[in-house]
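Undergrad: I'd like to ask you about the structure that follows.
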Amino acid sequence: MPTVTIDGSPIAYTDTGAPTGRPDAPAVVFGHGLLFGGWMFRAQIEALRHDYRCVTIDWRGQGETPPTATGYDMDTLTGDARGVIESLGLGPVHWVGLSMGGFVGQRLAARHGDLLRSLTLLDTSADAERSDKGGEYKTMAWVLRHFGLRPIKSRVARHLFGPHFLATATGRATVDEWATRLRALDHAAIRRALFGVADRAPTAHEIPAITVPTLVVVGADDRATPPAESHRLAALIPGAELHTLPACGHSSSLEQPDAITELLRQFLDRVDRTAPDVRSSRPVHG
């Protein structure tokens, strides 16, 4: 997987390139959730790559991005995302972020709105982590580092996936794949990533300044970031639209890939039909 070096740290990404015959097609950049990687958007990328340039970013110590000693806080990850967008000359982009990727997307949109065409926030929150859940993340980090995933696999899976999905053969196979990928990662890096999420600052004071079109989607059975947090998020961002998916947990791009893809396709199409053509004037970054 290729990497871009941002402030001395290699950040892994995937890039489908521009669709055939559409060299100026807008880019869609995907930011994954905690304990995952860009692979969690594979269904959406397969469906959208014929109309958009699709790029994924793996956060530090997750997916294919190697561990770093520091930089797991949301502000540093926002800088990493900005660096990838600028280094690849992608902006302005459609940002799609799930959970942790949504924490980054909110900061990008509020602080660097010129880099975005639109913002999609899946199963995420503008609030700081609740103290009880933050403590749970830190306990999880300790167990993972000292004993691995096996003792808490089922507990973590119930946190990341909804009960309807876990009861299906597809759900069980996806959990097995997720667990295999997670076991291959550096445990110290995962500990730092968990602490980065647990200790994150809220963005509620920033996001009312977001001006790009925004789509908010949440699973009705999301335990990690319950629907009430998405309702609050959508209410804080001017003009944001909100959708709740029934029978869906936290990892909506995997649990209901067709529903997420269709919501994305409709939203991106509306944005691109109504937005001015800014691609011809976008800056080129080396």
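Undergrad: With bins 10 Å wide starting at 0, give me the P(r) of segment 1-84 over every alpha carbon pair, in whole percents.
TA: Cα pair-distance distribution for segment 1-84, in percent: 19, 49, 26, 6, 0.
Undergrad: Enumerate the calculated ³J(HN,Hα) couplings along segment 67-78 in order (Karplus 6.51 cos²θ - 1.76 cosθ + 1.60, θ = phi - 60°), each rounded to whole Hz, writing x wherever the residue is Gly or Pro.
TA: Going residue by residue, I get x, 10, 5, 9, x, 9, 6, 5, 5, 5, 5, 5 Hz, with x marking Gly and Pro.
Undergrad: Between 0 and 90 degrees, rounded to the nearest ten: what's the tilt of helix 257-274 against the longest Cα principal axis of the chain?
TA: 30 degrees
Undergrad: Something else about it: How much accessible surface does residue 269 have with a 1.4 Å probe, in Å² rounded to 10?
TA: 70 Å²
Undergrad: Amide H neighbours of residue 120 under 5 Å, at least 5 residues apart or on other chains, H built in the peptide plane: list them.
TA: Distant-sequence amide H within range of residue 120: 95, 96, 97, 215.
Undergrad: Further, regarding this structure: For segment 3-13, just list the computed ³J(HN,Hα) in residue order, Karplus coefficients 6.51, -1.76 and 1.60, θ = phi - 60°, integers in Hz, with x standing in for Gly and Pro.
TA: Values per residue, Gly and Pro as x: 9, 10, 8, 10, 6, x, 10, x, 10, 7, 8 Hz.
Undergrad: If you take the charge dipole of the chain about its Cα centre, with +1 on Lys and Arg Cβ and -1 on Asp and Glu Cβ, which of 10, 55, 121 is farthest toward its positive end?
TA: 10
Undergrad: Would you work out the relative contact order for the chain, in percent, from Cα pairs under 8 angstrom that are 6 or more residues apart?
TA: 22 percent
Undergrad: Moving on to the next point. What does the highest-first list of 99-111, 164-176 look like by mean Cβ count within 10 Å?
TA: 99-111, 164-176
Undergrad: Leaving ligands, DNA and RNA out of it, report the carbon-plus-sulfur percent of the accessible area of segment 64-181 at a 1.4 Å probe.
TA: It is 51 percent, rounded to a whole number.
Undergrad: Further question: Given H placed 1.01 Å from N in the peptide plane, which residues other than close sequence neighbours of residue 11 have an amide H under 5 Å from its amide H?
TA: Under 5 Å from the amide H of residue 11: 4, 5, 6.
Undergrad: I need to check one value: relative contact order of segment 1-122, counting alpha carbon pairs closer than 8 Å and at least 6 residues apart, in percent.
TA: Dividing the mean separation by the residue count of segment 1-122 yields 27 percent.
Undergrad: From a point 7 Å beyond the Cα of residue 274 in the direction of its Cβ, which residues of segment 108-135 have a backbone N at a distance under 16 Å?
TA: Once the point is set 7 Å along Cα→Cβ of residue 274, 117-120 turn out to lie under 16 Å by backbone N, inside segment 108-135.
Undergrad: Rolling a 1.4 angstrom probe over the protein heavy atoms, how many square angstrom per residue are accessible across segment 106-147?
TA: Heavy-atom SASA per residue in segment 106-147 reads 39 Å².
Undergrad: Nearest 10 degrees, 0 to 90: what angle lies between the long axis of helix 227-236 and the longest principal axis of the chain (Cα atoms)?
TA: Computed tilt is about 30 degrees.
Undergrad: What residues qualify as long-range amide H neighbours of residue 245, i.e. H under 5 Å apart, gap of 5 or more or another chain, H built at 1.01 Å from N?
TA: The list, which skips near neighbours in sequence, is 218, 219, 220.
Undergrad: If you don't mind, there's one more thing I want to ask. Which value, in Å² and to the nearest 10, is the accessible area of residue 50 when all protein chains are kept and the probe is 1.4 Å?
TA: Rounded to the nearest 10, that gives 120 Å².
Undergrad: Treating only the Cβ atoms of Lys and Arg (+1) and Asp and Glu (-1) as charged, compute the dipole magnitude of the chain about its Cα centre; round to the nearest 20 debye. Write down the numbers at each step before the final one.
TA: Numbers: 30 positive and 32 negative charges, 109 e Å.
Computed about the Cα centre, the dipole is about 520 debye.
The values are calculated or read from the model by the stated rules, or taken from the named source; none is laboratory data. Everything numeric here is computed off the predicted structure, so don't read it as measured data. Cβ coordinates were reconstructed from backbone atoms using ideal geometry, including for glycine residues, and neighbour counts include every protein chain displayed. Just the protein is used for accessible areas: all its heavy atoms, side chains included, with ligands, DNA and RNA removed. Shrake-Rupley method; radii C 1.70, N 1.55, O 1.52, S 1.80 Å.
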